[in-house]
Every structure is written in C-alpha cells, then in structure tokens.
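Here the structure is laid out as structure tokens; the discussion comes afterwards.
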Amino acid sequence: TQGVDRRTRSDLRLYITGGEQKGRKLQTPPVYIRPMMAQVREAMFSMLGDLVELGPSSSALDLFSGSGCVGLETLSRGCELVASVDLSSECVDAMRVNARACGYEERHRAVCARAEDVLAE
C-alpha cells in the first residue's frame with residue numbers, strides 16, 4: 001500500500017554522522033517516525049556551518065524530535081545546549097536514553113509537549 005512504511009523498528013538504523021559522537025548508534029522509539037536521513041543531516045550541518053558557529057555559547061531547539069537524533073548531533077558538533085521536543089512520551093524516553101548514552105544528560109533537555117505550545121511560551 002502506498003504511504004505505508006513496512007520497515008520494522010530494527011530496520012531503522014539511526015546514528016550520528018558528525019562531531020565527537022560520529023558513528024554512535026541511537027535507540028529508535030517504538031512508534032512510527034520518519035527520521036531525517038543521514039545524508040540530509042550532513043547537508044544541513046554543512047550549510048549551517050557556513051552561517052553559524054556551534055560552540056560553548058550556542059543553543060538549539062529541535063522540534064518534532066523523534067529519537068532526538070538531530071539535537072544530539074548538534075551537541076556532538078559542538079553546540080552547548082539543546083532542547084528536543086516531541087509529543088510522544090515514547091520518543092522522549094528514547095531521547096533521554098540516547099542523550100545518556102552520548103554523555104549529554106546535562107546539555108540536553110527532552111520535552112514532552114506539543115511543538116506549538118513550546119513556541120507559544
């Protein structure tokens with residue numbers, strides 16, 4: 001059927017593509033997500049690298065985060081603080097596990113909320 005993703009959770013191999021955690025595999029939440037492809041993340045960070053310096057004074061907001069892969073990769077590439085937001089508690093749990101595995105518990109905040117509500121605050 002068109003539009004149905006037949007991959008199982010184990011078929012989704014998420015990993016960080018750059019920075020100090022390059023190659024680290026990440027846990028996938030047990031819900032349907034459509035993670036950003038590794039090539040797209042690499043291209044995004046390549047473009048951002050020309051505009052923004054990720055360093056000790058930088059922070060980022062990752063909305064509709066799923067596994068938290070984009071936010072964790074942002075930390076891996078040098079960002080100081082990241083808040084990742086998803087409505088699914090299963091996704092938030094996976095983000096916390098992934099942040100702990102990367103050693104980013106103090107620099108990463110996983111928030112279970114609607115992205116619209118977070119932006120309105």
| request: Filter region 95-112 for residues that are among the small types (Gly, Ala, Ser) and surrounded by 14 or more Cβ atoms within 10 Å (Cβ to Cβ) and give the result. | output: 99, 101, 110
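Name the residues in region 32-43 that are open to solvent by less than 50 Å² (accessible area, probe 1.4 Å) and farther than 17 Å from residue 84 by Cα, would you?
Looking only at region 32-43, we keep the residues that are open to solvent by less than 50 Å² (accessible area, probe 1.4 Å), and these are 33, 35, 38, 41, 43.
Result: 38, 43.
Being touching a residue at least 12 places away in the same chain (Cβ under 8 Å) and out of contact with any helix residue (DSSP H, G or I) (no Cβ under 8 Å at 6 or more places or on another chain) narrows it down to one of 57, 65, 84, so name that one. Please lay out each step first, then the result.
Working: 65 fails: out of contact with any helix residue (DSSP H, G or I) (no Cβ under 8 Å at 6 or more places or on another chain); 84 fails: out of contact with any helix residue (DSSP H, G or I) (no Cβ under 8 Å at 6 or more places or on another chain).
Exactly one of 57, 65, 84 is touching a residue at least 12 places away in the same chain (Cβ under 8 Å) and out of contact with any helix residue (DSSP H, G or I) (no Cβ under 8 Å at 6 or more places or on another chain), namely 57.
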| Only one of these conditions is not met by residue 57: (1) open to solvent by less than 90 Å² (accessible area, probe 1.4 Å); (2) among the small types (Gly, Ala, Ser); (3) modelled with pLDDT of 85 or more; (4) part of a loop (DSSP other than H, G, I, E, B). Which number is it? | (1)
| note | For region 60-94, the count of residues that are open to solvent by less than 10 Å² (accessible area, probe 1.4 Å) and within 13 Å of residue 111 (Cα to Cα) equals 10
| Unmet criterion (only one of (1) at pLDDT 95 or above; (2) within 20 Å of residue 116 (Cα to Cα); (3) among the polar types (S, T, N, Q)) for residue 98 | (2)
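Take residue 29 and decide whether it is of a type outside the set (S, T, N, Q), open to solvent by less than 50 Å² (accessible area, probe 1.4 Å) and assigned to a loop (DSSP other than H, G, I, E, B).
Details: of a type outside the set (S, T, N, Q): yes; open to solvent by less than 50 Å² (accessible area, probe 1.4 Å): yes; assigned to a loop (DSSP other than H, G, I, E, B): yes.
Here the answer is yes, as residue 29 does meet what is asked.
The values are calculated or read from the model by the stated rules, or taken from the named source; none is laboratory data. As the structure is a computational prediction, the values presented were derived from the model and not from experiment. Backbone-built Cβ (ideal geometry, glycine too); neighbour counts: all protein chains shown. Quick note on the areas: whole protein, heavy atoms, side chains included, nothing else; ligands and nucleic acids left out. Shrake-Rupley method; radii C 1.70, N 1.55, O 1.52, S 1.80 Å.
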